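To keep things clear, I will list the structure first and then write my remarks on it.
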């Protein structure tokens with residue numbers, strides 16, 4: 001029996017442990033590598049040439065969206081499943097536009113990961129049932145234009161740093177840990193930055209970040 005060779009990448013050990021258990025319980029799956037960062041995942045995928053890669057959307061060093069785009073150019077035969085905490089249409093669209101074949105919420109990975117991997121291995125697309133309607137209900141809603149070209153107060157270096165990380169999917173607590181400040185400070189930087197840019201929702205922030213190529217490093 002030919003097994004589906006899989007690489008898992010997530011910087012949360014508990015999530016990685018859970019996915020490992022799910023994969024190892026299937027006789028037709030073979031786990032060939034694990035990573036806790038985007039760079040480590042890229043190296044393992046280059047070395048192991050798996051059939052499927054399950055990538056956390058907000059890993060350190062290289063996030064899941066950028067890695068998905070990169071792998072699309074380097075290994076077009078690879079099937080990528082994006083794993084995310086975010087139900088927002090903006091993140092779902094980013095993942096699919098980057099070439100992902102599937103998108104699963106971490107909150108429902110236990111129920112959906114195995115089925116999702118089987119679906120994309122067979123050449124299909126798999127979207128978490130909780131959010132599939134956002135992508136499949138007719139045409140994707142046209143994004144409300146944001147006036148990126150208008151004069152805006154300049155962001156401070158810290159405000160820009162926090163907003164970039166927030167757009168990549170990091171939580172306030174994770175951002176605070178990475179830049180060594182308190183969570184309250186992160187909330188303040190984020191609020192100030194959003195106000196300066198005239199942005200109100202996470203979806204607007206992600207669209208702005210994409211337009212500014214913050215997500216393309």
Rounded to 10°, Cα long-axis angle of helix 38-48 versus longest principal axis of the chain: 20
The stretch 157-211: C-alpha gyration tensor shape, a/c 1.5 cut-off, then a/b vs b/c: prolate
Potential lengthening between residue 12 and residue 195 on full extension [0.36 nm per residue; Cα-Cα distance subtracted]: 62.8 nm
For the stretch 4-136: relative contact order, % (alpha-carbon pairs under 8 angstrom, 6 or more apart): 21
Distance in nm between pseudo-label sites at residue 157 and residue 25 (7 Å out along the Cβ direction from Cα): 4.8
The chain - mean residue ellipticity at 222 nm from DSSP helices (-39,500 (n - 2.57) per run, n ≥ 4, rounded to 500): -14500 deg cm²/dmol
Distance cut-off 23 Å, percentage of C-alpha pairs in the stretch 16-142 lying past it: 24
Calculated SAXS-style log₁₀ I(q)/I(0) at q = 0.12, 0.15 Å⁻¹ - the chain, Debye, Cα scatterers: -0.64, -0.96
The stretch 17-88: projected area of the alpha-carbon convex hull, averaged over directions, in nm²: 5.1
On Cα atoms only, tilt of 13-24 relative to the major axis of the chain in degrees: 30
C-alpha long axis of helix 183-197 to longest principal axis of the chain, angle in °: 70
Three semi-axes of the equivalent ellipsoid, the stretch 84-131, Cα gyration tensor, whole Å, largest first: 16, 14, 7
Contour minus Cα-Cα distance for residue 77 and residue 183 (0.36 nm per residue): 34.0 nm
Label point at residue 110 placed 7 Å out along Cα→Cβ; residues across the stretch 1-43 whose backbone nitrogen lies under 17 Å: 13-26
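Readers should treat all values here as calculations from the given coordinates under stated rules, not as data from a laboratory. The structure displayed is predicted, hence computed values, not measured ones. Using ideal geometry, Cβ is built from the backbone for each residue, glycine included, and neighbour counts are taken over all protein chains shown.
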